[in-house]
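Reading through the structure tokens given below for one structure.
None of the figures in this text is laboratory data; all of them are computed from the coordinates on show. Note that the coordinates shown come from a computational prediction; the quantities given were computed from them, not determined experimentally. Here the Cβ positions follow ideal geometry from the backbone for every residue, glycine too, while neighbour counts run over all protein chains shown.
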Amino acid sequence: MTSNARAPNALPRRLRHFIDGEFVDAEASFANVSPVDGRELSRVAEADAVAVDAAIQAARRAQQGPWRRMRAPERADWLQRIADGIEARFDDFVAAEVADTGRPIAQARSLDVTRGIANFRTFADLVRTAPGEFFETSTPDGDMLNYVTRKPLGVVGVISPWNLPLLLFTWKVAPALAMGNCVVAKPSEETPTSATLLAEVMRDIGLPPGVFNLIHGHGANAAGEWLTKHPGVDAITFTGESKTGSAIMKAVADGVKNVSFELGGKNAAVVFADADFDAAVDGVLRSSFTNAGQVCLCSERVYVERPLFERFVAALKARTEALRVGSPYEAGTTTGPLISQGHRNKVLGYFRLAVEEGATVVTGGGVPRFGNACDDGAFVEPTIWTDLPDDARCVTEEIFGPVCHIAPFDDEDEVVRRVNDSAYGLAASVWTTSLSRAHRVAPQIETGIVWVNAWFVRDLRTPFGGAKQSGFGREGGRHSMDFYSELTTVCVKVA
Ligand code: NAD
Ligand code: 6OD
């Protein structure tokens with residue numbers, strides 16, 4: 001594999017907090033390191049407890065001001081201005097996502113930044129057009145008109161991961177603002193740049209100070225944890241690992257705060273013998289290896305009906321070996337690095353474990369060599385295993401890398417049982433040309449979303465979230481509106 005590492009120079013070299021409408025530096029800082037070649041991209045302010053408190057106090061003050069009382073159409077206008085602001089700096093946001101994560105430029109353009117914009121536009125439209133709830137009741141006490149009002153929760157703490165930085169950050173910031181909340185947001189320490197550019201957009205469009213605040217820093221015993229425990233925060237919305245979700249749940253318990261959790265997964269793809277073979281191979285290639293397997297929706301378990309099994313494994317192997325792993329700055333790259341050396345060590349640990357657990361390594365399983373600066377990056381080879389038992393750790397635990405295990409199955413009930421035999425319940429995809437099978441199987445799968453002959457297609461108005469250890473609650477469309485607002489029923493005697 002060949003690759004030339006080259007990173008842009010135009011991005012900010014110092015990333016600061018954004019508190020009360022101003023960029024604020026800190027004494028302590030940490031390095032933002034490129035996963036492509038290990039070089040330092042920037043230094044990032046590390047929030048101490050004083051900075052976290054200042055951001056929360058700024059949000060509380062703003063929450064008492066006009067933002068809270070602003071009518072939905074006016075807030076929707078602000079969201080559209082934010083979307084316009086991202087659009088005006090589209091290439092800067094693409095450069096930020098590519099630099100921080102090493103993902104292919106085409107992906108950053110078509111998915112990450114495009115979805116960042118869409119998140120603001122979607123929730124602007126939703127709050128502008130949201131229907132109300134009205135009920136007329138006749139009672140012995142008279143005639144009543146009941147209606148429901150929505151109020152903001154107050155100050156919402158947003159904590160997001162590194163795998164789709166802008167997409168997942170804006171997926172929570174946009175509805176929180178749309179419902180009239182003020183926000184204190186902490187992006188992942190691994191990917192701080194696009195959130196900083198978003199703060200620049202907020203400043204440049206003149207968003208009222210304190211409505212959106214950004215703090216940088218780490219999670220446990222640092223900015224993330226202090227945000228969750230602060231009494232000035234009314235709700236926490238979090239995307240990340242299940243074990244972090246569990247820690248946050250304990251941290252918010254004393255304050256009885258609202259939480260919304262989008263957590264890990266061990267997602268399955270099921271290929272029935274009646275599937276469109278080429279579409280299924282193409283779909284599983286994407287669902288297993290997009291973003292180097294670092295999408296919470298990626299399929300790490302693939303079940304193929306036995307008559308197709310050998311042919312499917314051979315076809316997926318050929319397509320996987322044709323992926324071009326390397327620097328995003330080189331034309332033709334399809335697959336970038338993992339996010340960090342630390343994460344690569346975890347994934348390589350699973351590569352070793354799979355062999356110990358008895359896997360046949362169909363392809364991959366190692367580290368590519370480039371003969372250039374990418375050798376200091378966090379790359380691994382896209383990997384396929386077969387022959388592991390269902391209870392192997394590599395088949396049950398989330399790995400979050402470019403890897404899948406393929407197993408044969410013999411009938412529909414059996415595969416549904418095996419898919420559901422998981423601690424997780426985020427997503428699944430089913431490949432079949434049978435309409436009745438699709439409708440029979442999909443509702444039986446214990447996940448928040450099931451795709452049929454598709455993967456990662458999202459209408460932002462639909463509920464999104466996970467079952468079991470994959471999450472708590474749903475966001476998307478009116479489900480986000482429900483999470484980010486408090487409902488009050490008003491009952492008026494009219495006669
Ligand atoms: P992570 O849980 O390590 O970190 C996520 C965020 O939480 C970071 O900002 C981190 O600083 C912060 N954090 C860590 N410990 C904390 C604590 N004790 N208190 C408060 N904040 C804390 O997750 P990650 O490694 O950044 O992301 C990968 C994980 O996210 C994978 O498990 C993946 O499946 C999951 N994920 C889930 C979804 C979903 O929609 N269900 C989407 C994307 C990623
Ligand atoms: O599509 C979304 O809104 C969403 N939250 C996707 C999550 C992807 C996980 O990596």
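Between the stretch 26-61 and the stretch 451-485, what is the separation of their alpha carbon centroids in Å?
Cα centres, the stretch 26-61 to the stretch 451-485: 30 Å.
Just need log10 I(q)/I(0) for the chain at q = 0.07, 0.10 Å⁻¹, Debye formula, equal scatterers on the alpha-carbon atoms, no solvent, rounded to two decimals.
Result of the Debye calculation: -0.39, -0.77.
Please report the orientation-averaged projected area of the stretch 267-459, defined via the convex hull of its C-alpha atoms, in nm².
Values: hull surface 43.1 nm².
For the stretch 267-459, averaging the hull's shadow over all directions gives 10.8 nm².
Under 30 Å from the Cα of Lys346, which lysines turn up, not counting those fewer than eight places away in the same chain?
Qualifying lysines at Cα under 30 Å: Lys172, Lys186, Lys229, Lys243, Lys250, Lys266, Lys317, Lys468.
Ala185's amide H: which non-local residues (gap 5+, or another chain) put their own amide H closer than 5 Å, with H modeled 1.01 Å from N in plane and none for Pro or chain starts?
Val158, Asn213, Leu214, Ile215
Using the Cα centre of the chain as the reference point, and only Cβ charges (+1 on K/R, -1 on D/E), how large is the resulting charge dipole? Debye, rounded to the nearest 20.
In total the dipole reaches around 920 debye.
As an exercise, identify the GluC sites (Glu not before Pro) in the stretch 18-118 lying in DSSP coil whose Cβ has no more than 13 other Cβ atoms within 10 Å. List each step's numbers first, then the result.
Values: sites: Glu22, Glu27, Glu40, Glu46, Glu74, Glu87, Glu97; in loops: Glu27, Glu46.
Counting only loop positions with at most 13 other Cβ atoms within 10 Å, the GluC sites (Glu not before Pro) in the stretch 18-118 are Glu27.
Pulled fully out, how much extra length does the chain show between Glu87 and Asp141, if you take 0.36 nm times their separation in residues and subtract their Cα-Cα distance?
13.9 nm
Divide by every residue of the chain the summed helix terms, -39500 (n - 2.57) for each DSSP H run of at least 4, and state the resulting mean residue ellipticity at 222 nm, rounded to the nearest 500 deg cm²/dmol. Mind showing how you got there, number by number?
On the way: 16 runs with 180 residues, N = 495.
The helix-only estimate for the chain comes to -11000 deg cm²/dmol at 222 nm.
Any idea how far the Cα center of the stretch 310-337 sits from the one of the stretch 338-378, in Å?
15
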